[in-house]
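To start, the structure under review is shown below, and the notes come after it.
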Amino acid sequence: MHTISTGRVEIDQVVSLHYALYTDFDGSASKDHDAVAFPKLLFLNGSMSDTRRKCGVQEYFAKAGFQVLTYDYRGMGQSTMDTNEEHYTMKQYASDAISVLKHLGWNNQEFFLFGASFGGMVLQELLINYQDSLPMVNKAVFACSPGKLPEISRQIGDTAASLSTSSFLSQWLQKIDIRYSKFPGKLLPILVGFIGSLIPQVKHIDSAVRSVYWNKCRIFQLKARGSHNTLDRIAGVKLESIVAGGSRDLTCPPHKIKELVDLLPNADMKIFEGSHMFYMSKEALACFKDFFFK
């Protein structure tokens, strides 16, 4: 996989969002990312994601012939922080997505949408509020993304401010797969250490400062996520879609997937063997690719 280009999008002179474009094209024929006729895919990743930390989705679709666009949410990764907590809302996250799309001219081009976890919630808000601004958008995948956040997930977000990163990750990991409750004292410490090690430190910023900076934005994002509810607005989204979930996911169980599917007029439900991260599996990714190409 090759990075065609990276860049920044300025939002109201307050936030600078970092984005990255990927493809399997090696760039030898052209450096202009618009000159190559790859099908386009906007991938909206989950909470606390970072474009420097790959989850397999970008690589899979780049190798399948897509041009994949992803970016860091405000306050995450290489995007800058907005110090005003009131600007961390689900609608603002959707507005940020539109700004990135317009910056690259994708809003007037044909492309596909893929939102995972928190990214699927942002995707719902994007289509509810800005569907008319995306006349050529073509098909969407919502992965492990409920129309209304389950109480079990909301509770984690509500207590995030009082938890250390390790404690927060421990609570979160216990909710993403029902199997974790069967391995007390064994599996969780390993997973907490592994996930915690993936939280990157931005170059040229002291690690202590980065820790405070990241933790504050994490809490802002979790609070915004806690208010997520599109059940009374989502029916207006007519786009052909897949709503997918993992069979062992507690944070977005299959009945929550069905709740959203029942409201979307052109959606199919897919449940895969797995936990909250099922969408990284080869089976799920192959299903989504076939859906886009169908």
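The values are calculated or read from the model by the stated rules, or taken from the named source; none is laboratory data. Since we're looking at a predicted model, the values are computed, not measured. Virtual Cβ from ideal backbone geometry, glycine too; neighbours counted across all protein chains shown. Surface areas here come from the heavy atoms of the whole protein model, side chains and all, with no ligands, DNA or RNA. Shrake-Rupley method; radii C 1.70, N 1.55, O 1.52, S 1.80 Å.
Values for this structure:
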quantity	calculated
Most to least packed among 113-122, 130-139, 239-248 [average Cβ atoms within 10 Å]	113-122, 239-248, 130-139
Where the stretch 211-266 is the region considered: accessible area per residue in Å², 1.4 Å probe	39
Per-pair calculated FRET efficiency, R0 = 22 Å: Lys216 and Ser16 via Cβ, rounded to 0.05	0.80
Where a label projected 7 Å from the Cα of Ile271 along Cα→Cβ would reach, residues of the stretch 135-151 with amide N under 19 Å	142-151
Whole-number accessible area per residue in Å² for the stretch 38-152, which is evaluated in the context of all protein chains at 1.4 Å	29
Gain in span if fully extended, Lys91 to Glu59, counting 0.36 nm per residue against the direct Cα distance	8.7 nm
D (Stokes-Einstein, µm²/s), Kirkwood Cα radius, the stretch 209-294, 1.306 mPa s at 10 °C	107
